Each structure stands twice: as structure tokens, then as C-alpha cells.
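Input: a single structure, listed below in C-alpha cells.
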Amino acid sequence: MNGLRAATAITLLTALTATGCGGGGQAGGAEAPKTLTYWASNQGPSIEADKEILAPELKKFEQQTGIKVELEVVPWSDLLNRILAATTSGQGPDVLNIGNTWSASLQATGALMPWDAAAFGKIGGRDRFVESALGSTGAAGSDPAAVPLYSMAYALYYHKKAFADAGIERPPATWDELVAAGKKLSTGGKWGLGAEGSNLSNNIHQVFVLAKQHGADFFDATGKADFTSDGAVAAVKQYVDLMATDKIIAPGNAEYDKNQSLQDFAKGDTAMILWQTAAATLESHGMSPDNFGVAPVPVASGTPGTGRNVNSMVAGINLAVFKNTDNLDGALKFVNFMTGDEEQKILNKTYGSIPPVKAAQQDEAFGTPALSVLRETLATSAAALPQVPAESQFETAVGTAVKELFADAASGRAITTELVRERLTKAQQQMP
């Protein structure tokens, strides 16, 4: 999810029940079959940009079906709270975007329509979708709570000129190489690496991948929180140490939570960022594709792959339908349209993401050097965040622990293993 910058409301989530409802009611009475409400997440450089991108596509759907789509683009900072409120109030949309990491949490509310074989049949079948994307649509063994819309993965973006000026011949493949390069690049008021230390979701994405590389996870096989294992502690410490010990991240990044590190990178103030599907956004900030390179996120072995060589979470946006929509037929037609081969090409080209639909992925537009790295990552070395009901609480609890540790690092406090374990213990105690 791009996100994946949303604030998670634990108290709302725990209040949800299987009878929670949403969607459809806003369209109103007899007009409902000819009207749909759609909440889209902010994927472009601004809310207005998303409206401009989506408006002609929604008009196309209206021309094909006679169904008008009432669009609201919801900022990431509000999206999860809005969805959770809709599940309890019944005042929600018919169709909505969800960050794919939230799928199991929202599935547990019972408010989203399950995608069984019959529902998938309405949109061409489950086999149309890439398996890694389907892995982030809900709890294993259950019908998915949503279908994939946009697929994303993390990569290392680096300034070619900064690397050349520092005599660095190739992007780092291991963490030792990244730290060494970062130290060379942290000079003259510029920094080697950017981070979003106050962005809870981004913190989770980074430490989840590092935990995998340390042979750990944040939940055990039963779905119970396990935040204090040696591997999880080592992962969090390694990430925060990029600021605290290695000093390749500016202390001010501890307060970043709204893409400031991406903006710093675009301005040339930092030489590297670990980001999901950033090329289109960087270009919107005035960067030429010739100015930056894209490489896989480092792994200890230098060679990404399965097992401990995971280097990205499976990022992306899913499309969900509220179970009690009064326009189910229209909602299914809309999902069919948005996940159709041609529309997938249009939308994912515009947003710089990867289509989760196999046929659309074959378009040559998704074979650029930048997107090829992302496609390979999704196919061979990405892992889905835990598909457990408590995932959203996990993002808040552990994401906040990492945020606090970055604040400690920025103030000069030593980040010891004991301190990291203490913060993760506190986070685990907050879990249901």
C-alpha cells in the first residue's frame, strides 16, 4: 500500500462486529442501480491529480454501463479511519480502495463482500491475477476480502550523479555496502539515505523485511504477536541504527511522515531512498528518469530471493465491495471494469505501478528498467505482511515503537538492544 501512511484506529477496530455495514445507502433509493459511490486512495502527487486521472475513466464506465460513479479521493492519513467508521455507521461507499496490508483486519469485521468463486466469475476468474498479489487479500483459507488493483514493491532509488561524484560504481547489493556508500555520500550538508521516521506504515514495511532477513516474523503460526524475538529486535535495531550508529540518515528525518524524504531525494539533498514504486512520483517532482537508478533493496547475501533474502513486502492497493451495498450488480460491473486488461494498463501506466492482472502485465510499458526491478521483486523476493486480524494494530504498535526509537536516535540517545526490546515489549502488550 502506498501507502500506507494511514493512522490506525485500534479502538474503532475492536468495536467492529460481523454485522457492521456500509455502502450503497448514500446513492439513495430508486436511483441506486444507476449510481455508485467510490472511495479511491490518493495514488498520484495530489488529490486533485487523482481526480483528473480517474474522471475520464469513470466517465468511460458510465458510457458503457449507464452507471454514474460518485468519486471521493481520500487522503492516506484519513483512509483507514474513514473505512472503519463506515463499517459501524453504514455511511460508506459501494466500492473502495484498501491498502492490501489491511485486508485481513477489515475482513474480520465482516463488512466486506467475500470474493468466492462465483464473485470471481463475474470478473473473469481468480486465475487472471498474479498469485503474489492475491496473497495480500485476506486470511489464508478464507475467500478474499478484496481483489488486487495496483501492485507495488520496494526498491532502492539512487542519484546517479551523486554516486559518480563519490566514485561509487554500482548500487549497493548488501547492507554493508549500503552503509559504506551512505557514509561517502553524507557530506557537505547532504545525506546518504532518506527515511520517514514518523510514518508508522513505512516503519512497518522496512522492519518487516529486515525481520524476514533475520529469519524472524512478528507473528507466530497461530497469529499471536511475537514482537520480541531476537530476529525482530535485531531488525528494528538495524533499521534505526542507520541514523543512530551509521549516521547516514539526517536526524531531522525522525519527524518525517508525509513523503518529505522523497522530496529531499528529488531535490538532491539525499542520495538514496528505499521506496515503493517511486519513479512516476519522482518525475512529477521534476526528476528526469535519466537522473536516478533503481536497484533491488539490499539483502545480506547480496542476492535477493526467497527465504531470508526477502527484500520487499508485497505492496499494493486492493478493491473491495461493502457487503450490504444496494447496488451489488453495479459494484461487480465496476470492479470488472477497473480490473479489465485495458483499464489495468491505463491506470498502472499512469501511476507507475505494476498490474496485478497477468495479461496486462505483458504490456511493454511495464518492461522499463525501473519497473522490471519491481516485477522481479514481486515475482521472486517479496513477502506479504501477516494476513492476521490484528495487522492494523501491529502497524500502530510497532510502527510507533520505531518512531519513538528514531526520536531517541535524533536526540543522541544510544539505541541499545535492551532499549529496542523494551519498546517492542511495550508494543506487544498493546495487542489484543
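Here are some residues: Ser392, Ser372. Which one is touching a Phe, Trp or Tyr at 6+ places or on another chain (Cβ under 9 Å) and free of Cβ contacts under 8 Å to residues at least 12 places away in the same chain?
Every option except Ser372 fails the conditions.
Contact map, the stretch 405-432: first residue hydroxyl-bearing (Ser, Thr, Tyr), second residue modelled with pLDDT of 95 or more and buried (at least 16 other Cβ atoms within 10 Å of the Cβ), Cβ cut-off under 7 Å, separation 6 or more or different chains; pairs are Thr417/Val233; Thr417/Lys237; Thr425/Thr228. Close contacts from the stretch 340-351, counting a first residue that is in contact (Cβ under 8 Å) with a residue 24 or more places away in the chain and closer than 17 Å to Gly44 by Cα and a second that is charged (D, E, K, R) and not in a helix (DSSP H, G or I), with Cβ to Cβ under 9 Å and a gap of 6+ residues or different chains, come to Asn348/Asp363.
All conditions in (1) part of a strand (DSSP E or B); (2) out of contact with any His (no Cβ under 8 Å at 6 or more places or on another chain) hold for Ala271, with the sole exception of (2). Against the list (1) of a type in the set (Val, Ile, Thr); (2) part of a helix (DSSP H, G or I); (3) touching a strand residue (DSSP E or B) at 6+ places or on another chain (Cβ under 7 Å), the condition Thr350 fails is (3). Against the condition in the same structural domain as Thr425 (by TED's automatic domain parsing), surrounded by fewer than 18 Cβ atoms within 10 Å (Cβ to Cβ), in contact (Cβ under 8 Å) with a residue 12 or more places away in the chain and closer than 12 Å to Tyr157 by Cα, how does Pro296 come out, does it pass? The answer is no for Pro296. Checked against (1) surrounded by 21 or more Cβ atoms within 10 Å (Cβ to Cβ); (2) within 20 Å of the chain's Cα centre (by Cα), Ala139 passes all but condition (1).
Hey, can you tell me all the residues within the stretch 346-358 that are crowded, with 23+ Cβ neighbours inside 10 Å and not hydroxyl-bearing (Ser, Thr, Tyr)?
Asn348, Gly352, Ile354, Pro355, Pro356, Val357
Check whether at least one residue in the stretch 330-339 is buried (at least 18 other Cβ atoms within 10 Å of the Cβ), under 29 Å from His205 (Cβ atoms), out of contact with any Lys or Arg (no Cβ under 8 Å at 6 or more places or on another chain) and of a type in the set (S, T, N, Q), and report yes or no. No, there is no match, as no residue in the stretch 330-339 is buried (at least 18 other Cβ atoms within 10 Å of the Cβ), under 29 Å from His205 (Cβ atoms), out of contact with any Lys or Arg (no Cβ under 8 Å at 6 or more places or on another chain) and of a type in the set (S, T, N, Q). Selection within the stretch 128-182: residues that are in the same structural domain as Gln344 (by TED's automatic domain parsing), charged (D, E, K, R) and in contact (Cβ under 8 Å) with a residue 24 or more places away in the chain. The member of this set that is nearest to Pro289 (Cα to Cα) is Arg128. Within the stretch 114-125, how many residues turn out to be crowded, with 18+ Cβ neighbours inside 10 Å and within 22 Å of the chain's Cα centre (by Cα)? The number of residues fulfilling the criteria is 1.
Residues checked against (1) under 19 Å from Asp220 (Cα atoms); (2) under 18 Å from the mean Cα position of the chain (by Cα):
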{"position": "Arg375", "(1), (2)": "no, yes"}
{"position": "Ser381", "(1), (2)": "no, yes"}
{"position": "Leu385", "(1), (2)": "yes, yes"}
{"position": "Pro389", "(1), (2)": "yes, yes"}
{"position": "Ala401", "(1), (2)": "no, no"}
{"position": "Ala409", "(1), (2)": "no, no"}
{"position": "Thr416", "(1), (2)": "no, no"}
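Scanning the stretch 359-377 for residues that are out of contact with any helix residue (DSSP H, G or I) (no Cβ under 9 Å at 6 or more places or on another chain) and either surrounded by fewer than 15 Cβ atoms within 10 Å (Cβ to Cβ) or not in a helix (DSSP H, G or I) (or both) yields Gln362, Glu364, Pro369. Here Pro289 fulfils each of the conditions (1) modelled with pLDDT of 95 or more; (2) assigned to a loop (DSSP other than H, G, I, E, B) apart from (1).
Being touching a helix residue (DSSP H, G or I) at 6+ places or on another chain (Cβ under 6 Å), surrounded by fewer than 18 Cβ atoms within 10 Å (Cβ to Cβ) and assigned by TED's automatic domain parsing to the domain that holds Ala250 is a property that holds for Gly215.
The values are calculated or read from the model by the stated rules, or taken from the named source; none is laboratory data. These numbers come from a predicted model, not from an experiment. Backbone-built Cβ (ideal geometry, glycine too); neighbour counts: all protein chains shown.
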